[in-house]
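Accompanying notes for the structure given below.
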Amino acid sequence: MIEPKQITDATFAADVLENESLVLVDFWAPWCGPCRMVTAVVDEIANEYGNQIKVVKMNTDINPKIASDYGIRSIPTLMLFKNGKRIETVIGAVPKSTLANVINNCLKS
């Protein structure tokens, strides 16, 4: 079982922006009900796509800088980065099929 890595404002650049592969960032907070719902989806994605993408999680309560930098106003927000650039954003608790479709499209591009 692959656990998504918890990242911080301080490690964001190294974990996400300096990574050449596709990186899925789950912006969440412990008090957020929809965030808890999407956790299972993100964990499944980490396990199924573990050899193709990197999956990380960022608690916006204790790491507000990056969330602010990217204009995140509601959580959960899932962002996909490739070669240091944000290429896709999914807001809200979405079904696994929706997230998988977005990831598959990003892997093709």
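Observations on the model:
- Taking the Cα centre of the stretch 5-108 as origin and assigning +1 to Lys and Arg Cβ atoms and -1 to Asp and Glu Cβ atoms, the resulting dipole is close to 180 debye.
- Whole-Å semi-axes of the stretch 1-63's equivalent ellipsoid (Cα gyration tensor): 18, 17, 7
- With the largest listed first and rounded to whole Å, the semi-axes of the equivalent ellipsoid of the chain from the Cα gyration tensor are 18, 17, 13.
- Part-to-part distance (alpha-carbon centres) for the stretch 46-88 and the stretch 1-30, which is given in Å: 6
- Share antiparallel - DSSP beta bridges, the chain, percent rounded to 5: 55
- Residue with peak Gaussian network fluctuation, the chain [Cα springs, cutoff 10 Å], from Gly92, Gly33, Gly71: Gly71
- The calculated FRET efficiency for Ile62 paired with Asn104, based on their beta-carbon distance and R0 = 22 Å, is about 0.10.
- Of the GluC sites (Glu not before Pro) in the stretch 4-109, those whose Cβ has at most 16 other Cβ within 10 Å and which sit in DSSP loop: Glu18, Glu20
Quick note: the coordinates plus some simple rules give every number you see, no bench work behind them. Predicted, not measured: the structure shown is a model, and the values here were computed from it. Because the Cβ atoms are built from the backbone with ideal geometry, glycine has one as well, and the counts that use them run over all protein chains shown.
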